[in-house]
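Written below as structure tokens is the structure these notes are about.
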Amino acid sequence: MAAMLACAAGCAKKPAQVVQAPGHFTVDFVDAGTEALAPVEYTVDPNLRGPGLADYAVTQLLAGPSTGRDAVVLFPAGTTLDVSLQGDMATVDLGGPLTKSYTGGAEDESAMFKSLTYTLTNVEGIARVQVLLAGKKRAALPGGHMELDEPLTRESFAQ
Amino acid sequence: MIRFGAVVLCAAMALSGLALGVSQAAGVLVVPTKAKVYVAGREVAFQNLGIAYNDPVAPANDPGVRTMLDLVQAQMTWQPGTRFAVVTRADGTLITLTVGSAALSVGGTSVAMPFAPFYKGDDLYLPLLPLGKALQLGVRGFASGYVFVPQVLAVQAHSDGQRTVIAMTTSAPAAYRTSYDSHKSELNVIFPGFGTDALGTQPLSGRDGRSIKVTENGPPGYPTTTVTVGVVHGVKFAAHRASGAPEVEAVLAKNESALHLADDSHAVGHVTRTSEATPTPEPSATPSSRPSAGAAPAASTASPVTPAPTRAPSAAPSSAPVATPAAAAPAPSGSPGITVQPEATDIGSPSPTPTPIQIRVTALSVAEIPAGGTRLTLTMSGGPVNFEWHRLDDPDNRFWLDIHGVTLQGPTQTLTSALPFVKEIHVSQFALDPEPVVRIAIDPTQPIDVNIGPVAQSANQMGIEIERQPPASDAPRAGVGTVAWVAVATPPPITHTATQRDLIAIDPGHGGNDPGASNSGYGLVEKELTLQIALRLKQDLQRMGWRVVMTRDSDYEVGDPNGDDHQELQARCDVANAAGARVFVSVHVNSSVAHSLNGTTTYYWRPADKTFAQAVQNSVVLADGIADDGVKRNDFYVVKHTDMPAVLVETAFLSNSADAEQLTRPAFLDKLAQGIANGIMEFTGGPNAPL
């Protein structure tokens, strides 16, 4: 009964973190038609974990899905993502055209950071993602909508 | 400052009064009277109203005197045994009445009276007619009573080249309303219940207006004074209460900035219009104006109508008295010229209080009364409410009731189902500025009697009972009253720190060197669309009686043009926070690389703002007719860093060909704006609803 009450108070809405099986890692792309997350599972070296796994994840995210899925890469060409981990937070230094201006819609922007946040929080122990623009903490992308000067979590996004 | 001065003055007088023997006038004969006294349209109940020297007198501490002063927002300081009573008028002027002196002092000027205030026992009797005149009220007597009518004292215009200010000085703070006649290019400032001696027409110098005409209509006991200003085409105008004095100002100017709106942020009922617009759906509220019954959809079965009650509330339960405008109030005999008979319901308080202006009509129902007749029941979100009624003589017999400080939740309704004695009942939002007024217009099939009061055993339900009544030629044709309930609903708590209940912050997304999204195929740029929608929204809101603050009103960066994005987004929030806006709406146009995505989404951040987001989403989708993508919670900067309920509306996808096609049409932008405005109204309850 107590568990049910607790769930009614909000746990059902909390985005679940996928428990990655050893040797497997999920990258959350964005579906081209709906902008919903499009998870694609990769087989990785079971010894790859921590910063190495995070670096692998963002590299795959920028490269796009290797399968035939109809998923899109929302980060524009020329984007770089340098990841470091500390505690439960991944810090992503974003480089490239997005640091100059963002001229997409709020929907794409949200989906873009959602896929980044979901993908990095698939790394065991990571719950938050702090985005930096060209090495600096900024309020938002130039022309953007989302607040970036605080860490993003799965709860930051449209549910 | 003035009030402090009055207290000091009185304290000094109290000392001097100690030595006074009060027996010197003890011989004055005071004959008790049942004459009725009306002040500002209300009957005032006295405990010891009497006649002395053929004029009405009452003790200084009589509840009737207190009520009389309350109604014109004046205050009296008097201590038993002292020689002086000092009244501070609404405009700060001191009126001093002195025992034994047949002259009172008004602002230091001596004004003769027929006789002096006098003591009888411990009571200081004051002559009421000179007091009323000193309060700048029109004093009009009839055989069975006395009527004190607030006045529009003076209408004066001055122009400084940039703007023309028409100052309308009143003897008491006025509940005025405005209307604009687009055909005649005339602004009407209407003062119900106010008389005037400033009748006439005067030319208006300067380039903003043509003329000022002052007229008085209606019965002498409850007249309506209208100040009609001929406005030059294209001039912007606003009307508001002046601060610090009972005065209403109409301001005309070629440029909106010259209206000095920023300086008037304290003003109540501020509304800005341009004389090109045609914002007035109904004529002004003169008694001869016919309610536009056919204008609204027949909606007797529309959603706000609740199931009809099956039991009559025993028309006028003693615990819930009902005003009976047409029958219970006898006309003053022998004075056919006076037709006012303001009969207020007894709300258990000696001094009627102004209607709190935060109440909504949440439901309407209409039912047949088993004993014969029709009852319209209005469910209110709170109370008490003040109303004003008028009727036309046989054979017209129309009756209308204006409920002040109340907004109608839902559309205008015309109830036409077969009901006893009624052809049609039209319920509409008659006015929104300077205060909301719901008008109930009854078109009867024959002469009727209308009872108005609380419905028994039901909190916040107001019953309007229509019964058959033979016409009486001397029955009153207008009056006012109050309906109160024991239980008053409390509005839902709002946890934000908005301070200006009638102020909306609009944030047109992007701007300047930040174009937002674009679709070159359709020539669409987000920053241009957001501004176009926002400017339409501003106009819509102003028509509804809101004041509006914009984060930008042209194509520029908000805040420092060389600042970073933090300054840019925070500057938008700062505009709304600094102004204390009631709600914040950021207007955007969506885009996606997924070109199939289309529709409207409203974003919020704080869970408490979801209701606001849903209200806006619902009404925008209803208005724009495109896909409903629902409300979404998202980490958007401007809805996180504003101090009031805040939403970001992504109106449509410019990346989707169907939505983009729509976005090229001005009529579609109109619909988006109207949808957002309606959502704001739905969530807030209107510009006068409480925070």
10 Å Cβ neighbours from other chains, averaged over peptide B:595-607: 2
Let me have the relative contact order for region A:19-156, percent, based on Cα pairs under 8 Å that are six or more residues apart. 24
Taking the full set of protein chains and a 1.4 angstrom probe, give the accessible area of B:THR98 in square angstrom, rounded to the nearest 10. 20
Going highest first, how would you order B:443-453, B:247-257 by mean Cβ packing within 10 Å? B:443-453, B:247-257
Of A:LYS136, B:LYS640, which has the most accessible area and how do the rest follow, probe 1.4 Å? A:LYS136, B:LYS640
Cα extents of region B:503-684 along the principal axes, largest first, in whole Å, come to 39, 38, 30
Which whole number gives the average count of other chain Cβ atoms within 10 Å of the Cβ atoms across peptide A:143-154? 5
Would you mind checking A:LYS136/B:LYS527; B:LYS527/B:LYS632; B:LYS610/B:LYS632; A:LYS100/A:LYS137; B:LYS184/B:LYS213 for any pair whose Cα atoms are more than 18 angstrom apart? A:LYS136/B:LYS527; B:LYS527/B:LYS632
Which FRET efficiency, nearest 0.05, do B:GLN446 and B:ALA418 yield, Cβ-Cβ r, R0 25 Å? 0.95
Rounded to 5, percent antiparallel among DSSP beta bridges of region B:503-684: 25
When only the heavy atoms of the protein chains count and the probe is 1.4 Å, how do A:VAL73, B:VAL620 rank by accessible area, highest first? A:VAL73, B:VAL620
Heavy-atom accessible area order for B:HIS240, A:HIS24, largest first, 1.4 Å probe: A:HIS24, B:HIS240
Have a look at B:HIS588, B:THR602, B:GLN532 and report the one farthest towards the positive end of the charge dipole of region B:518-615, computed about the Cα centre with Cβ charges (Lys/Arg +1, Asp/Glu -1). B:THR602
Let me check against my output: what whole-number percent is the relative contact order of region B:49-137, with C-alpha pairs under 8 Å and at least 6 apart? 25
Inter-chain shielding metric for B:508-517, i.e. average beta-carbon neighbours from other chains within 10 angstrom, reads 4
Over the Cα atoms of region A:34-130, what radius of gyration and what Dmax do you get, in Å? 13.2, 40
Remind me, relative contact order of region B:503-684 in percent, using alpha carbon pairs under 8 angstrom and six or more residues apart? 28
Chains B and A: how much accessible area gets covered up at their contact, both sides added, probe 1.4 Å, in Å² to the nearest hundred? 2200
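The values are calculated or read from the model by the stated rules, or taken from the named source; none is laboratory data. Predicted, not measured: the structure shown is a model, and the values here were computed from it. Neighbour counts are summed over all protein chains in view; Cβ atoms, including those assigned to glycine, are modelled from backbone coordinates with ideal geometry. Ligands, DNA and RNA are excluded from the accessible area calculation, which covers all protein heavy atoms including side chains. Shrake-Rupley method; radii C 1.70, N 1.55, O 1.52, S 1.80 Å.
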